[in-house]
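The structure under discussion appears below in the form of structure tokens.
The values are calculated or read from the model by the stated rules, or taken from the named source; none is laboratory data. This structure is a prediction, so every number in the text was calculated from the model and none was measured. Counting neighbours? That spans all protein chains shown, and the Cβs are built from the backbone with ideal geometry, glycine included.
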Amino acid sequence: MCKTSERYRAGNSFSPLNSSLMQHRIISLGAKGRSSVVSGKRPQRKNVGEWESGARRCRGPAKRQRQPDKTSSHTGRGQHGDRGARGSVGRRGERKSCGSSGTRRGHGLQMSGNGVVIHLPGLFDEAEKNERKGKGLKDWEKRLIISDRAHIVFDFHQAVDDIQEQQRQDQAGKNLGTTKKGIGPVYSAKAARSGLRICDLLADFTKFSERYKVLAQQYKSIYPTLEIDKEGELVKLKDYVERIKPMVRDGVHYMYEALHGPPKKILVEGANAALLDIDFGTYPFVTSSNCTVGGVCTGLGMPPQNVGEVYGVVKAYTTRVGIGAFPSEQSNDIGELLQTRGKEVGVTTGRKRRCGWLDLVLIKYAHMINGFTALALTKLDILDVFSEIKVGVAYKVDNQTIPHFPANQEILHRVEVQYETLPGWKSDTSAARSFEELPENAQKYVLFIEEHLGVLVKWIGVGKSRESMIQLF
């Protein structure tokens, strides 16, 4: 194995509903056997989901967890922004942000791909703040690789984001609930072919400045109240040129060399959930990029045949931050208990996440798009206090069962979730370190999920520490 540890980022992240609405997508890449799969071969199993005295059939003994972010040598991301998309709130409510899992843990290189949009002041401010806290970001500048094709988020993009949200609120009585970090406006500029990229900043600064001023004036003409300090921001951007120059690479060439060079393990991380995907999510309450598996190829510049294992990360219940349809939401004591026990708070906005029962219709839809080869089921311990647990298994609209996840928001709001009720376990699972050590009903809960999805659960999280992640194969 190559000792070099590198990580790549393509743009937005991968999860079912939204960054809170469960499933992140973690993908290991292989190139004709040269770049090895993160977690080995997937076992052949029959009778997936069958129960036998609460124990798992066709599965060997559990072994100590080795999570992909710990064993991979490269990490990347291909979509979304440089800050909010990388944020998370830990089980004790502490904020964890800036960089991929490998960068935060102090090992490995991270690649922010062409699909990522980058606000340079925010990137440096947050990295330096976390470095002072001792969050494993020492020498982060030597381990971060930025694609020269990544688009730049300017201060006026963030100001426009705020104005647009206020306009939506004033005109329609509700907004989209964005993070106001300029993500939507910069992707809009990218699609309109008026955006500016990292390569432009590092080339001819005079021409860059001219294009910057034209873009700023375009926004000013659309939003007359917008205040833009053009000269002030250009001075700041010029100061960043020398700082980021050592980090910038041709992303396509860099990925090709990584995939075809000495053997290494490559992990691609997603920034948001699948149901926040611009095409497949709960539109318009989505992000502005593709956070499903296709974003790996377009956001990093790598061919689909190099995609290996695809891991879906899903909570044992469902959450969503902000507004938008949420069929299995529990606007009651159950939802409040899930929110409190799970410390469910949006890291960028500080908003409480909405919580509800596990929705297998939603997860199956995410699986149809991403093709998960295994799942990581997290926060199982949050359910320890429930005497019974409901799981959404089907949708009805006008008393008719529908075989798909609705695209239209109005229809999705009318959905009646059909639940199956499973017995809870009413005992502490946080000390379990193998599947067999889990309570019988907790084991059955996991097996029920596997049976309905047809996807094996590879990891089970029962606590806030890495040691609390049970690996099943």
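Of all the residues in the range 180-192, those that are farther than 12 Å from VAL117 by Cβ and under 17 Å from the mean Cα position of the chain (by Cα) number 0. Is it fair to say ARG353 is surrounded by 17 or more Cβ atoms within 10 Å (Cβ to Cβ), more than 30 Å from VAL307 (Cα to Cα), among the basic types (Lys, Arg) and under 18 Å from the mean Cα position of the chain (by Cα)? Answer is yes for this residue.
Find the residue count for the range 131-158, including only residues that are part of a loop (DSSP other than H, G, I, E, B) and in contact with a strand residue (DSSP E or B) (Cβ under 8 Å, 6 or more places away or on another chain).
Count: 6.
Restricted to the range 420-457, and to residues that are more than 27 Å from the chain's Cα centre (by Cα) and part of a strand (DSSP E or B), which residue is nearest to HIS367 (Cα to Cα)? Ranking the qualifying residues of the range 420-457, first place goes to GLU420. Residues in the range 159-192 that are in a loop (DSSP other than H, G, I, E, B) and under 24 Å from VAL235 (Cα atoms): 3 in all. The residue list GLY301, GLY342 contains one member that is touching a helix residue (DSSP H, G or I) at 6+ places or on another chain (Cβ under 9 Å), at positive phi and touching a residue at least 60 places away in the same chain (Cβ under 8 Å), which is GLY301.
For the range 206-235, the set of residues classified as of a type in the set (Phe, Trp, Tyr) and over 17 Å from ILE118 (Cβ atoms) consists of TYR219, TYR223, listed by residue number.
Looking at this structure, is PRO403 in contact with a helix residue (DSSP H, G or I) (Cβ under 7 Å, 6 or more places away or on another chain) and either loosely packed, with under 14 Cβ neighbours inside 10 Å or assigned by TED's automatic domain parsing to the domain that holds ALA366 (or both)? It is false that PRO403 is in contact with a helix residue (DSSP H, G or I) (Cβ under 7 Å, 6 or more places away or on another chain) and either loosely packed, with under 14 Cβ neighbours inside 10 Å or assigned by TED's automatic domain parsing to the domain that holds ALA366 (or both). Report whether or not ALA442 is crowded, with 20+ Cβ neighbours inside 10 Å and of a type in the set (Gly, Ala, Ser). So ALA442 fits the description; yes. In the set THR349, THR340, only one residue is at pLDDT 95 or above, out of contact with any strand residue (DSSP E or B) (no Cβ under 6 Å at 6 or more places or on another chain) and not assigned by TED's automatic domain parsing to the domain that holds LEU276; that residue is THR340.
Each residue in the range 247-280 was checked for being farther than 30 Å from ASP200 by Cβ and either small (Gly, Ala, Ser) or surrounded by 19 or more Cβ atoms within 10 Å (Cβ to Cβ) (or both), and 6 of them qualify.
Taking every residue in the range 244-263 that is touching a residue at least 60 places away in the same chain (Cβ under 8 Å) and pairing it with any residue that is crowded, with 16+ Cβ neighbours inside 10 Å and part of a helix (DSSP H, G or I), at least 6 positions away or on another chain, the pairs with Cβ-Cβ distances below 6 Å are VAL248/ILE198; MET255/LEU300; LEU259/ASN306.
Considering (1) within 17 Å of HIS151 (Cα to Cα); (2) in contact with a Lys or Arg (Cβ under 7 Å, 6 or more places away or on another chain), the lone condition that TYR240 does not fulfil carries the number (2).
Listed by first and then second residue, the pairs linking a residue in the range 155-183 that is more than 22 Å from ALA271 (Cα to Cα) to a residue that is among the acidic types (Asp, Glu), with Cβ atoms under 9 Å apart and 6 or more places separating them unless they lie on different chains, are PHE156/GLU227; PHE156/ASP229; PHE156/GLU233; ALA159/GLU227. Among the residues making up the range 379-392, those that are surrounded by 17 or more Cβ atoms within 10 Å (Cβ to Cβ), not in a loop (DSSP other than H, G, I, E, B) and not acidic (Asp, Glu) are LEU380, ILE382, LEU383, ILE389, LYS390, VAL391, GLY392.
Each row is one residue, and each column tells you yes or no for (1) part of a strand (DSSP E or B); (2) touching a residue at least 40 places away in the same chain (Cβ under 8 Å).
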position: VAL310; (1), (2): yes, yes
position: ILE369; (1), (2): no, yes
position: LEU377; (1), (2): yes, yes
position: ALA394; (1), (2): yes, no
